[in-house]
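Chemist: Dropping a structure here in structure tokens format, bear with me for questions.
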Amino acid sequence: MARLEVCNVSFSYGDTRILNDVSISIPDGDFHALLGSSGSGKTTLLRIIAGFLKPDSGTILINGEDITNVPPEHRDIGIVFQQYALFPHLTIWENIAFGLRMRKLSKIEITQKVAKALELVRLEPSAQKLPNELSGGQKQRAAVARALVLEPSLLLLDEPLSALDRKIRGELRDELARVHRQTDTTALLVTHDQEEALVLASEIVVIENGLVRQSDRAENIYGSPADLWVAGFVGRTNQFRSVCKLKNGEIVVSIANRDFLVSGPQAIEGNEVMLVVRPEEVSISSDGIPVRVKEIRFMGATAQVFLTLIDGCELESLVLAPVARKIAVGVETFVKIDSSSVKILALT
Amino acid sequence: MTKAQRIVVSSVGLILYAPLIVVIIMSFNRSLYGTFPFSFSLKWYSHLLKSDDLLIASSRSIWLSFGVALLATTIGTMFAVWRVSVKSVTGLASDGILLATVAIPWLILGIAMLQIFNLIGIGRGIVSAVIGNVAVVLPYVVFVVMARLRGLDENLIEAGRSLGATQLKSFCRITVPLAMPSILGSALLAFVVCFNNFTIQYFLLPLGVRTLPLEIYSQVRTGYSPAINALATVVLLGTVLISLLLERLGAGSKRFRD
């Protein structure tokens, strides 16, 4: 249990700047996610926090104590790797006991703690198996147990679900959430999967090209993206260019010749802005903005409906499958967009 | 397996093993000149037991090869560990030097080493022979162990560090056990290469001190005795036993299969 602070960390590899003045902070017991595409610098930051890399500048603090120069084995940080990194020559039991043995705990203590850890991840029946006798999901659960058995002050999860197939990924995601609730360990998840980050983390740090683009509560990252890049990276968007106009004393923007009331720092008369509307905020209706259905893609419970506006602009709508079944490609219909769902962002 | 594959595999097997089978059969054949009809006899084995020269030479060969394998495996493993951590030109240069010892004919290496040892005043001797043989088998050890170390997941070491193991401890508890099959394998390879190495031993051992290859050579010059077939059969049996033992000891254990 601990508080993690990363202060103004920069890191370069040769001439390439990987991290640029990155600062993040995780309160005690919180689960945060570091979300970024590959090459964004997120794994480098994880390795710096873990102690495998030294930052060029900046500090890493745990509970206010500077650990920037502490070797990894003395940092009290547990790590779960993408490819599990279980020791193939040791049984699951021995894998979990490894860290306890390094700390020279008594045999009785080791036995008790390993048993508890195995129970936490429901792997008791596989204790005496070797890692390669386990499925991917079981391996990752063993890796989580191995990291948590030491009760580390911080748990780092490096794309822990990426190597698993979709169904197992969902199960293990729920399992991670449950384990976090039970242990209250401060955790940092590094991932490129927005869904994983949104479901697991209470707060998300979006990182791109070594820069923190936005750091906010998970629902705000999706609901109020800081800029166009974050909006496009987290979830799907409809984007329209518009100019803010003054009408009846209020600032409005227009999509397909319809005016929408907007507010916020970008809502200044004459300001050219980008409007972002999430597909699920575009509802198919019997009146409103006229559109023509261009394509329908069913995805099980939901369907993506691609529409064309009168001015030729394209619009995407996400609706429940039964709604999409009532319309067909080529049909003319209407959509409704609520003013409150139009996000107004600066042009980049 | 298709029919063609079966033919290829069995002919390769035949080419590899036929001479060995002939030697084994001849070691039990009474005829002095290796002629048929076959008549079973253990007389060459009793000759072998009475032939002090062959027995002494065998034990010399075993001890020399054992010592050389031990030294080469230790030095070679350390070298391989260093090599995988080095990405600069130094690493490439060291690869080149090691490869050269494999590529340059042992004949030339042997003469060159003898000249050097004479120059620095050691001359022929057990020490020279050990140094020379270690130098020749070292690349085998380094390349075998290096291949395994390269294949190890770096995350394993990092996982070990994050679990509280120091650099040295993660090396001893993770790297060494995982590389053990290849370390043992390379030791066996070093042993066999040294055991066989007539050329280097011919140049570097003191005159009159004969290991098995030198002893067989000198005996074949004066007349071939089928006792050598018997010896070959014993050596073959020993090799097979060692391989089986290694398999049992863990090299082939499922713990090491990823």
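The values are calculated or read from the model by the stated rules, or taken from the named source; none is laboratory data. Fair warning: this is a prediction, and the values are worked out from it, not measured in the lab. In this analysis, Cβ positions are derived from the backbone assuming ideal geometry, glycine residues included, and neighbour counts consider all displayed protein chains.
Chemist: Checking residue B:151 against (1) buried (at least 18 other Cβ atoms within 10 Å of the Cβ); (2) under 26 Å from residue A:99 (Cβ atoms); (3) more than 10 Å from every other protein chain (Cβ to nearest Cβ); (4) of a type outside the set (Val, Ile, Thr), which single condition isn't satisfied?
Modeler: Only one criterion in (1) buried (at least 18 other Cβ atoms within 10 Å of the Cβ); (2) under 26 Å from residue A:99 (Cβ atoms); (3) more than 10 Å from every other protein chain (Cβ to nearest Cβ); (4) of a type outside the set (Val, Ile, Thr) is unmet by residue B:151, namely (1).
Chemist: Any residue in region A:183-205 that is over 30 Å from residue B:165 (Cβ atoms), among the aliphatic types (A, V, I, L, M), assigned to a helix (DSSP H, G or I) and touching a strand residue (DSSP E or B) at 6+ places or on another chain (Cβ under 9 Å)?
Modeler: Yes, region A:183-205 contains at least one residue that is over 30 Å from residue B:165 (Cβ atoms), among the aliphatic types (A, V, I, L, M), assigned to a helix (DSSP H, G or I) and touching a strand residue (DSSP E or B) at 6+ places or on another chain (Cβ under 9 Å).
Chemist: Here is a list of conditions, (1) touching a residue at least 40 places away in the same chain (Cβ under 8 Å); (2) crowded, with 21+ Cβ neighbours inside 10 Å; (3) out of contact with any Phe, Trp or Tyr (no Cβ under 7 Å at 6 or more places or on another chain); (4) within 14 Å of another protein chain (Cβ to nearest Cβ), and residue A:45 meets all of them except one; can you say which number that is?
Modeler: Unmet condition: (4).
Chemist: Tell me which residues, restricted to region A:240-274, are on the phi > 0 side of the Ramachandran plot and in contact with a strand residue (DSSP E or B) (Cβ under 6 Å, 6 or more places away or on another chain).
Modeler: Answer for region A:240-274, where residues must be on the phi > 0 side of the Ramachandran plot and in contact with a strand residue (DSSP E or B) (Cβ under 6 Å, 6 or more places away or on another chain): A:256, A:264.
Chemist: Out of A:106, A:126, I need the residue that is surrounded by fewer than 24 Cβ atoms within 10 Å (Cβ to Cβ), out of contact with any helix residue (DSSP H, G or I) (no Cβ under 7 Å at 6 or more places or on another chain) and of a type in the set (Ser, Thr, Tyr). Which one?
Modeler: It is A:106.
Chemist: Have a look at B:241, B:163 and point out the one that is farther than 24 Å from residue B:95 by Cβ and within 14 Å of chain A (Cβ to nearest Cβ).
Modeler: Unique residue meeting the criteria: B:163.
Chemist: Just to be sure before I move on: is residue A:200 over 16 Å from the mean Cα position of the chain (by Cα) and either at pLDDT 85 or above or farther than 26 Å from residue A:98 by Cβ (or both) in the structure I sent?
Modeler: no
Chemist: Hey, can you tell me all the residues within region A:307-335 that are of a type outside the set (A, V, I, L, M, F, W, C) and either more than 13 Å from residue A:283 (Cβ to Cβ) or out of contact with any helix residue (DSSP H, G or I) (no Cβ under 9 Å at 6 or more places or on another chain) (or both)?
Modeler: A:308, A:311, A:312, A:314, A:322, A:325, A:326, A:330, A:332, A:333
Chemist: If you take the residues of region A:84-116 that are assigned to a loop (DSSP other than H, G, I, E, B) and of a type in the set (Ser, Thr, Tyr), which of them is nearest to the other protein chains (Cβ to nearest Cβ)?
Modeler: Ranking the qualifying residues of region A:84-116, first place goes to A:91.
Chemist: Would you point out which residue out of A:94, A:124, A:109, A:119 is closer than 25 Å to residue B:152 by Cβ and without any contact (Cβ under 8 Å) to a residue 12 or more places away in the chain?
Modeler: Exactly one of A:94, A:124, A:109, A:119 is closer than 25 Å to residue B:152 by Cβ and without any contact (Cβ under 8 Å) to a residue 12 or more places away in the chain, namely A:94.
Chemist: For residue A:144, indicate whether it is in a helix (DSSP H, G or I), under 14 Å from residue B:159 (Cβ atoms) and not small (Gly, Ala, Ser).
Modeler: yes
Chemist: Here are some residues: B:71, B:48, B:54, B:64. Which one is in contact (Cβ under 8 Å) with a residue 60 or more places away in the chain, farther than 28 Å from residue B:135 by Cβ and either exposed (fewer than 14 other Cβ atoms within 10 Å of the Cβ) or aliphatic (A, V, I, L, M) (or both)?
Modeler: Result: B:48 is the single residue among B:71, B:48, B:54, B:64 that is in contact (Cβ under 8 Å) with a residue 60 or more places away in the chain, farther than 28 Å from residue B:135 by Cβ and either exposed (fewer than 14 other Cβ atoms within 10 Å of the Cβ) or aliphatic (A, V, I, L, M) (or both).
Chemist: Identify the residue in region A:292-348 that is part of a strand (DSSP E or B) and of a type in the set (S, T, N, Q) and, among all such residues, is farthest from the chain's Cα centre (by Cα).
Modeler: Of everything passing the filter in region A:292-348, A:333 is farthest from the chain's Cα centre (by Cα).
Chemist: Please return the ranges of strands (runs of 3 or more DSSP E) entirely within region A:1-66 where 2 or more residues are touching a Gly at 6+ places or on another chain (Cβ under 9 Å).
Modeler: The strands (runs of 3 or more DSSP E) meeting that bar are A:4-13, A:16-26.
Chemist: Just one of the numbered conditions (1) in contact with a Phe, Trp or Tyr (Cβ under 7 Å, 6 or more places away or on another chain); (2) surrounded by 21 or more Cβ atoms within 10 Å (Cβ to Cβ); (3) of a type outside the set (Val, Ile, Thr); (4) assigned to a loop (DSSP other than H, G, I, E, B) is not true of residue A:139; which one?
Modeler: (4)
Chemist: Would you mind finding the one in A:161, A:155 that is in contact with a His (Cβ under 9 Å, 6 or more places away or on another chain) and crowded, with 22+ Cβ neighbours inside 10 Å?
Modeler: On inspection, the qualifying residue turns out to be A:155.
Chemist: Search region A:73-83 for residues being crowded, with 22+ Cβ neighbours inside 10 Å and facing chain B (nearest Cβ under 7 Å), and hand back the single one that is farthest from residue A:162 (Cα to Cα).
Modeler: A:77
Chemist: Right, next: Just the residues that are hydroxyl-bearing (Ser, Thr, Tyr), touching an Asp or Glu at 6+ places or on another chain (Cβ under 9 Å) and under 18 Å from residue A:2 (Cα atoms), please, taken from region A:54-70.
Modeler: Listed by number, the list holds a single entry, A:59.
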